[in-house]
Amino acid sequence: MPKPLHFNAFVMNTASHIHHGQWRRPDAGQTEFNDVDTWIGLAQTLEAAKFDAMFFADVSGLYGDPEADFDVYAHQGLQIPSNDPTVLLAALAVHTQHIGLATTSNVVQNHPFNFARQMSTLDHISRGRIAWNIVTGINENASRNYGLPALTDHTERYAWADEYVDIVYKLWEGSWDEGALLKDKEGSRFSDPSKIHKIFHQSARYRVEGPHLPAPSPQRTPVLFQAGSSTSGREFAARNAEAAFIIAPTRDVARQIVDDTRRRAAIHGRLPEDIKFFAGLSFIIGETEAEAKAKEAEYDRYVSVEGYLAHMAILDRTGRVYPPKTPLSEVDTNTSKGFTEWLSKAITDREPLIEDLAWLQARNSRIVGTPEQIADELELWRDAGVDGINVINWVIPGSFEEFGEKVMPVLRERGLAQREYAEGPLRQKLFGAPLLNDRHPAAGYRGAFAGGPASWEEANAAAQAAEDAAAQVHV
Ligand SMILES: Cc1cc2nc3c(=O)[nH]c(=O)nc-3n(C[C@H](O)[C@H](O)[C@H](O)COP(=O)(O)O)c2cc1C
């Protein structure tokens, strides 16, 4: 039997995440995202269908030009209002047993000491089912929300992420040795201080003393997800990610991204199977092809051209979405050049209009057909080197109910989807062991702080000595 694909449900704690305009459908339950029962019900549906994980996207501010008004985002329900997914995971953890729970957290939005503590707490609550999608952010308004004057430069954002993960790895992997937690009632020792260490981390943006306050959780480090597609993003994934998310217009492009990232990972001493790649796809399912096509036409009736353009931040210099019939040659956007280049390559027989871009995006990565046709297509994605699929929804919970009821049985029949959950924490389900493997950079911090410095003075002296030694080598 072939290796099954993994399946994540890609969601966001808001009304309009990816497919803009669909919240207006009568069957769209995502309008009730404030109601915790919406999410508990969905998590249980997904667990019954044996999805591997529920993956929450998140942003920490508005899209678009921060100097312009944000009317279009408010009208569209486009990621405003939105709630914090990390808090929600605690509720989902106690109403499910097996499904992985992934949250997105931007490095600007939380101090690493606090973030590491929150993740450990969630990993304890969920008995080891937490994953973290590491993002560096693209929204100027988010930067302003955290006191920065502007969006940090792209290369610098990834340098920041490097620094951030270094700290949380030290706390999760290095601060507590195995066996530090005693719970020894007779001996009156709850934990063994000789096995708990301060980390004395100092770098450009942070100074963190430690120790980590939580005792080790089932996975210690949550499963690490990443979704950057630039060269720096792929480099970061190659070093850090255990699951990488890609949105690729074709299987060939997916294969190129997978191969390139795996090649980079090998340079960092990791193996190809250390990173699982998930392609984001949405599905329109019919009993017959004709029924699927009819449903597609109906979804298309709800597409909001304005919503897709606002999400891509294709805005004029005053922050307005262009009128749909604007020719591409009249578009002068300061934000996402990649999208307009995509449009000029996709439509070559006439002058492309800006609305064409919204339609390209709405139809991108869409698979329409019967469950059998969808299974055929997914088999091809697997053959292109993809390990899993991020199922993007039109409506909650309907898109996932339909996928679970109609497509999953066909996939299972063909060995393309798991029949049962494997035992143990999420990492064990995905990779066969609950803790990060020794090839991951975080593993280098295991035992690294035993016998380490007892004060900042000692820590600084040790750092200076290491610097001097390195300088000697260069001489
Ligand atoms: C499937 C997918 C999901 C993403 N989810 C988020 C998200 O939830 N929040 C966010 O701020 N960025 C998200 N991103 C954006 C990336 O994580 C990354 O920050 C962005 O692409 C800029 O990095 P890059 O220049 O390396 O591509 C997502 C990207 C992809 C492909």
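Brief remarks on what is shown
- Meets criteria (within 16 Å of the ligand (Cβ to nearest atom), in contact with a strand residue (DSSP E or B) (Cβ under 8 Å, 6 or more places away or on another chain) and modelled with pLDDT under 95) for Ala241: no
- Within region 68-88, residues that are in a helix (DSSP H, G or I) have Cβ atoms under 7 Å from residues that are of a type in the set (A, V, I, L, M) in these pairs: Val72/Ala310; Val72/Val321; Tyr73/Leu62; Tyr73/Ile80; Tyr73/Ala310; Ala74/Ile80; Gln76/Ala310, counting only partners at least 6 apart in sequence or on another chain.
- Filter result for Arg419 (closer than 25 Å to Ala375 by Cβ and either surrounded by 13 or more Cβ atoms within 10 Å (Cβ to Cβ) or touching a residue at least 24 places away in the same chain (Cβ under 8 Å) (or both)): yes
- Among (1) within 13 Å of the ligand (Cβ to nearest atom); (2) on the phi > 0 side of the Ramachandran plot, the one test that Gly64 misses: (1)
- Set side by side, the residues Phe55, Phe51 differ, and just one is in a loop (DSSP other than H, G, I, E, B), surrounded by 16 or more Cβ atoms within 10 Å (Cβ to Cβ) and not β-branched (Val, Ile, Thr), which is Phe51.
- Summed over region 227-238, the residues that are near the ligand (Cβ under 6 Å from one of its atoms) and β-branched (Val, Ile, Thr) give a count of 0.
- Count - residues of region 246-277 that are at pLDDT below 95, over 16 Å from Leu380 (Cβ atoms) and not in a helix (DSSP H, G or I): 1
The values are calculated or read from the model by the stated rules, or taken from the named source; none is laboratory data. Note that the structure is predicted; figures quoted are calculated from it, not measured. Quick reminder, even Gly has a Cβ in these numbers, built from the backbone with ideal geometry, and neighbours come from all protein chains shown.
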